[in-house]
1. Scan segment 402-418 for residues that are among the hydrophobic types (A, V, I, L, M, F, W, C) and surrounded by fewer than 22 Cβ atoms within 10 Å (Cβ to Cβ) and jot them down.
2. When residues of segment 232-248 are filtered for being away from the ligand (no atom under 15 Å from the Cβ) and either outside any helix (DSSP H, G or I) or of a type in the set (A, V, I, L, M) (or both), how many remain?
3. Of the residues in segment 74-120, how many are at pLDDT 90 or above and touching an Asp or Glu at 6+ places or on another chain (Cβ under 6 Å)?
4. Quick check, is residue 211 in contact (Cβ under 8 Å) with a residue 12 or more places away in the chain, assigned to a loop (DSSP other than H, G, I, E, B) and more than 18 Å from the chain's Cα centre (by Cα)?
5. When residues of segment 146-175 are filtered for being in a helix (DSSP H, G or I) and away from the ligand (no atom under 16 Å from the Cβ), how many remain?
6. Note down all Cβ pairs under 6 Å where the first residue falls in segment 176-194 and is within 12 Å of the ligand (Cβ to nearest atom), the second is assigned to a loop (DSSP other than H, G, I, E, B) and not aliphatic (A, V, I, L, M), and they're at least six residues apart or on different chains.
7. Within segment 293-311, work out how many residues are away from the ligand (no atom under 11 Å from the Cβ) and out of contact with any Pro (no Cβ under 8 Å at 6 or more places or on another chain).
8. Might you check whether a residue that is in contact with a strand residue (DSSP E or B) (Cβ under 7 Å, 6 or more places away or on another chain) and of a type outside the set (Gly, Ala, Ser) occurs anywhere in segment 338-350?
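The values are calculated or read from the model by the stated rules, or taken from the named source; none is laboratory data. Here the structure is a predicted model, which is why all the values come from computation and not from measurement. A quick note on method: Cβ atoms are made from the backbone with ideal geometry, for glycine too, and the neighbour counts reach across all protein chains shown.
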Amino acid sequence: MVFQEFLSRHHVTEPIVRHANTGSNESGSHGHLHIQVTQDRVWKTPGRKCPHIWWTIPPVHILRKKYTTSITMSKLPNTGTTIFTIMSNMAHDYDAINLSQGFPDFSAPTELLELINQHMLAGHNQYAPMPGLPKLREQIALKVDALYGRNMNPETEITVTSGGTEALFSAIEAFVHPGDEVIVFDPAYDSYDPAIRLAGGRPVHLPLMAPDFSVDWKQVAGALSPRTRMIILNTPHNPTGAVLGSDDLKTLAEIVRDTDIILLSDEVYEHIIFDGRRHESLHYYPDLADRSLIVSSFGKTYHATGWKIGYCVAPAPLMLEFRRVHQFVQFCVVTPMQFALADYMESNPEHCHQLAGFYQEKRDHFARLLDGSRFRLTPSAGTYFQLADYSEISGNEDTEFTRWMTTEKGVATIPISVFYESSPEQHYIRFCFAKNESTLEQAAALLCKI
Ligand SMILES: Cc1ncc(COP(=O)(O)O)c(C=O)c1O
């Protein structure tokens, strides 16, 4: 196996050579280097030991320096491959059931797929308008009004984006200036931190409080400074399944009242909320909504994460700035999908109302299946994720544990420590239950044997 292949099989993106010696090694073949390869970011949490792999390679592979350090100087030196890619690749390599990355293993509605086909064949394949197809923006405005009672202007206050990810990125780049601070709650979705850093900002990571992963608002108030530019919220929350309540948002309103702080509200799981709860969207709270950019994702709502279409809603002055960035990040979003989504939203307005019940059944089914296991599930109030405490099974770090589960036990999951800047001592992993019953049953059968 050549070195590159070895690295990619073991999901090592940026090898660090810890120690090298020429002329001798354990395998006895002269002229080889003996190196310790360490995954740089993803497996590393402050204060923890990095897992490592020993490998022997011909010296020429690392001695030949192709680029000087200044040419390759990274803007994100501590960023490796995302954990989602790593675990999905590992699931594939080891033929494990993939409950790691958050995507359904069932299809988007057939009618929606047919509409895309029709629009492609009808020639709707050229650039769409920069802020999004007018009909789609109108449908979004109708939906925001129907669900949240907020009247937004599709011309000036709604932009269709390349997934929630692009909306988050464009919002951060548009508003965060060099030296600005942005409050992020850990465990945090992994795109926030690098987007803040690319804007020259400083992420201020505050921990959510286990076991219910609630926000410590006193800590938030104490973390504010004159440089605080933005607070990023995520409800329902990935990876924990926690949701914000109305009291949280009232407290937040108090905290930001006399400031210019902008709120970026990641609500991509807005429709996936359980046990009869209301999704406490920032759309409901005028004091907050006036200073908010609110992000949604069609990928989550229509079981089609690979389409990467979402949207951002914000008052016109904020949206103006947002679009200044969006037009150079993405300019516009894939046209036939926009036509199809607009038609489908018009003819199936009930779709989003069915998601909560649909996923609640999956959550409950999966929980019942794991009843006899040694995993302790934390309540999941929303999203299609379930946290589980594995401390009855192992005291190992979650990165080690998930690697072992994938390679030895046949089920891939996500370690939670990678969503922290500084991970506390805890033993949680994340399951994705957006899967067919048969997938959940097969996975649970393996999990119950651990
Ligand atoms: C919390 C959160 N925000 C944003 C995104 C990105 O959404 P999209 O796939 O539409 O880019 C995800 C996707 O997993 C997510 O979990």
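1. First, pick out the residues of segment 402-418 that are among the hydrophobic types (A, V, I, L, M, F, W, C): 404-405, 411-412, 414, 416, 418.
Scanning segment 402-418 gives a single hit, 404.
2. So the count comes out to 1.
3. Qualifying residue count, segment 74-120: 1.
4. Working: in contact (Cβ under 8 Å) with a residue 12 or more places away in the chain: yes; assigned to a loop (DSSP other than H, G, I, E, B): yes; more than 18 Å from the chain's Cα centre (by Cα): yes.
Yes.
5. Step one: list which residues in segment 146-175 are in a helix (DSSP H, G or I), which gives 146-148, 163-175.
With the extra rule that they be away from the ligand (no atom under 16 Å from the Cβ), the set shrinks to 146-148, 174-175.
Matching residues across segment 146-175 total 5.
6. Qualifying pairs under 6 Å: 187/239; 187/420; 189/238; 190/82.
7. 2
8. Let us first name the residues in segment 338-350 that are in contact with a strand residue (DSSP E or B) (Cβ under 7 Å, 6 or more places away or on another chain), namely 338.
Imposing the further condition that a residue be of a type outside the set (Gly, Ala, Ser) reduces the set to 338.
Yes, segment 338-350 contains a residue that is in contact with a strand residue (DSSP E or B) (Cβ under 7 Å, 6 or more places away or on another chain) and of a type outside the set (Gly, Ala, Ser).
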